[in-house]
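Just so it is clear, none of the values below were taken in a lab; they were calculated from the coordinates. From a predicted model like this one, the values you see are computed outputs, not experimental measurements. Backbone-built Cβ (ideal geometry, glycine too); neighbour counts: all protein chains shown.
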Amino acid sequence: MTRHSSILWHYTYGAVFTALCALGGLIGLVAYQLESSMERQEAELLKLSRSRLLETLDADVKLAGARLEFLVQDRALRVSAIAERLDTANAIDSRNVVAMSELLGSAAELADVDSIVVLDDTGRVIGASSYEADLVTLGASIPETGFYDEIAGSLRESIPGRKQTYSAILPRSETGIFVPGEAVNTVSQVIFVPVFDDFGYVTGGLLAQRWLREQEPMLRDLTGINSFELALLHDDRVISRANFDGRMADLEKLVLHAQHHRQRRKADQVQRARCAAGGLRHAADRSPDGDPERTDQDRYGRGSETAPSAVSFSASWRLPHSQLWPSFSPARSRFH
């Protein structure tokens with residue numbers, strides 16, 4: 001009897017120990033799955049937050065680009081309004097340098113342009129909005145610029161109601177400096193508007209220059225409201241910034257990080273494309289009309305050197321403008 005009781009206790013202890021081990025294993029498995037699920041959720045939330053942040057920054061920078069485009073068009077309209085004034089035509093007809101400087105100096109300040117150069121109907125420099133302008137130097141340098149043909153065409157072809165107004169954003173190497181000043185930067189907007197006399201003939205034109213500000217008030221106000229940083233680059237140089245106090249080295253780090261992310265994403269897309277193409281090829285090999293003895297060139301055409309599994313995949317993804325800086329390249333526009 002004692003022997004049977006001892007055996008029963010041994011079985012009881014074994015069963016309890018087995019149950020405890022199973023319970024411990026189950027608890028450990030549940031804890032592991034819970035931790036793994038939390039890690040996956042954390043990764044998904046991080047990915048989602050980054051995606052939302054990029055979308056927000058992309059929208060902010062697109063808005064900043066629209067504001068900058070509005071700024072360019074608005075300055076062109078302001079210079080055009082100056083050219084339509086009667087006293088402007090009278091000052092050009094008088095060929096009085098002092099009268100033109102007095103009139104256009106205050107007009108340029110109100111229009112938020114840095115300088116205005118006056119040309120006659122032949123394209124010759126006859127005055128400016130500032131006494132500091134060297135008319136002789138301007139008369140020799142402006143005809144050598146790349147946009148002078150546009151000016152000559154506007155003077156030659158413009159008529160009342162159909163004037164040709166030229167507006168372009170150009171680097172300093174293509175424009176030069178009309179009038180020296182504190183606002184001189186790497187990029188400027190150049191505007192030309194013809195001026196008509198009382199009889200509707202072209203009597204001259206106004207050539208204005210406005211440098212892109214290192215701190216554009218409009219963009220600075222926008223970035224302050226939406227709380228983001230913005231830097232405009234040209235030839236790998238920061239030419240304007242808004243709410244951005246970093247250095248070029250900081251932008252270079254962001255560019256390298258974005259390029260690495262782009263390469264990694266492109267590699268993933270290429271791998272997925274190859275897997276998909278490999279699946280198509282495997283299905284073609286197993287199709288009823290497929291001939292296993294045919295080569296890849298016979299199957300996909302003599303002009304093809306590779307099978308679909310090696311098709312090159314070009315990703316349309318590129319560095320988004322919302323990476324704190326929009327790429328800014330000189331652009332030309334012409335308004336009729």
inquiry  = Using DSSP to call loops (not H, G, I, E or B), can you name the trypsin sites (Lys or Arg not before Pro) in segment 90-160 whose Cβ has at most 15 other Cβ atoms within 10 angstrom?
reply    = ARG95, ARG124
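Can you give the net charge of the other residues whose Cβ lies under 12 Å from the Cβ of ASP120, counting K and R as +1 and D and E as -1?
Summing Lys/Arg as +1 and Asp/Glu as -1 gives -1.
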Summed side-chain charge close to GLU182 - residues other than GLU182 whose Cβ falls under 11 Å, Lys, Arg +1, Asp, Glu -1 = -1
query = How many angstrom separate the Cα center of segment 84-120 from the Cα center of segment 1-63?
reply = 79
key: Theoretical gain in end-to-end length, ARG265 to LEU26 [0.36 nm per residue, Cα-Cα removed]   = 82.2 nm
key: Sites matching GluC sites (Glu not before Pro) across segment 63-128 that sit in DSSP coil, with at most 14 neighbouring C-beta atoms within 10 Å   = GLU84
message = Using +1 at the C-beta of Lys and Arg and -1 at the C-beta of Asp and Glu, which of LEU138, VAL195, LEU170 has the Cα lying farthest in the positive direction of the dipole of segment 122-207?
response = VAL195
query = Roughly how many debye, to the nearest 20, is the charge dipole of segment 65-107 about its Cα centre, given +1 on each Lys and Arg Cβ, -1 on each Asp and Glu Cβ, and no other charges?
reply = 120
inquiry  = Taking the Cα centre as origin and putting +1 on Lys and Arg beta-carbons and -1 on Asp and Glu beta-carbons, what dipole magnitude results for segment 103-186, to the nearest 20 debye?
reply    = 280
